[in-house]
1. Out of everything in region 123-137 that is of a type in the set (A, V, I, L, M) and open to solvent by 30 Å² or more (accessible area, probe 1.4 Å), what residue ends up being farthest from the chain's Cα centre (by Cα)?
2. Could you tell me whether any residue of region 234-246 is under 21 Å from ILE126 (Cα atoms) and at pLDDT below 95?
3. Could you check how many residues of region 142-152 are over 24 Å from the mean Cα position of the chain (by Cα) and surrounded by 18 or more Cβ atoms within 10 Å (Cβ to Cβ)?
4. State which residue is least open to solvent (accessible area, probe 1.4 Å) when the search covers only region 75-119 and only residues that are in a helix (DSSP H, G or I) and basic (Lys, Arg).
Amino acid sequence: MITIPHKAKQFGVFIIKLLIVITAFYFIYHQLVTNNKLDWVKFAALVKEKQSILGILFLVSFSFTNRFLEILKWQNLVAFIKPISVGEATKQVLGALTAGIFTPNGLGEYAGKAMFFEKIKAKKIIFLNLFCNGIQLILTIVFGTIGLLLLGYTFWVIAIVLLIFGLWFLARLSKKIKIKGYSIEKLIYKINEIPKSIHKKNILLGIGRYLVFSHQYYFLFLVFDVDLPYITLMAAIAAVYFLASSLPSFQFLDFAVKGSVAMFFFGKLGVNEWVVVFISSLMWFLNVVIPVAIGSYFVLNFKIKD
């Protein structure tokens, strides 16, 4: 068996960390510079017209609250394995976000969080992260379905309900079928192992996160002088998040995916295309780019567990 010298191992880890950070920032830069739908002249004119320190701080506070609730969610779930501080949870969430920005559907985030724990706990951490994201997805489906119904897309809602029922029926039939040693029955058993108090807190924090980022979206539309009823705007936002989350994507392309779906729904409501693109881009910048910039610090200072 070949033994890798300690210094060589440290250097290898440093190179990997550096590559993660450089790649993350390259993808962010590339999307901001090459997106021809972003009219920076119009954006600069709008910012100059509506510049307000309080307004900027108000909108940024939503991003802070959104990530803080995510951090609390992760801290709450990891307590099932071992208690961690808010500071440690912050390191894990933001570091994993940076590692997952250029992977399909943020898959790198799972490995990123697992790296903060001993190898023996890796499977449990990946399961908890899957469960953490799963609750958020379920809430997105629920609110999104309500949004589609309020917007009058009844046929879509019927199709979604039938699809969910069909998947549930198939799950019931195949719950004992194993894939690589795992089955739906075993998954349900593992979920039930987690204390109910953790489940309740997870759901409440998930609802809080959803309300925060959806209302940040709402207030951005108000800044851009979009005059639509509150219910209509929130229904469209819910529909956008639901359908965008159903599409395979990379975190660094998140604003492009959400922007395309948003243009469909808000275009039907008479909202200018460039306004929709800019709001989607700002949401991405506030909720992905800024956290990734902070997460890069944690990636570079990461020390691998034995």
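The values are calculated or read from the model by the stated rules, or taken from the named source; none is laboratory data. Since the model is a prediction, treat every value here as computed from it, not as a measurement. Cβ placement follows ideal geometry from the backbone for every residue including glycine, while neighbour counts extend to all protein chains displayed. We work out accessible area using only protein heavy atoms, side chains counted, and drop any ligands, DNA or RNA first. Shrake-Rupley method; radii C 1.70, N 1.55, O 1.52, S 1.80 Å.
1. Just the residues of region 123-137 that are of a type in the set (A, V, I, L, M), to begin with: 125-126, 128, 130, 135, 137.
Going one step further and asking which of them are open to solvent by 30 Å² or more (accessible area, probe 1.4 Å), we end up with 126, 130, 137.
Working: ILE126: 16, LEU130: 12, LEU137: 9 Å.
Among those residues, the one meeting the criterion is ILE126.
2. Step one: of region 234-246, the residues under 21 Å from ILE126 (Cα atoms) are 245-246.
Restricting the remaining residues to those that are at pLDDT below 95 gives 245-246.
Within region 234-246, one or more residues are under 21 Å from ILE126 (Cα atoms) and at pLDDT below 95.
3. Adding up the residues that qualify gives 1.
4. Here is the first cut: in region 75-119, the residues in a helix (DSSP H, G or I) are 75-78, 86-100, 108-114, 119.
So of that shortlist, the ones also basic (Lys, Arg) come out as 91, 113, 119.
Details: LYS91: 73, LYS113: 2, LYS119: 168 Å².
The extreme case among them is LYS113.
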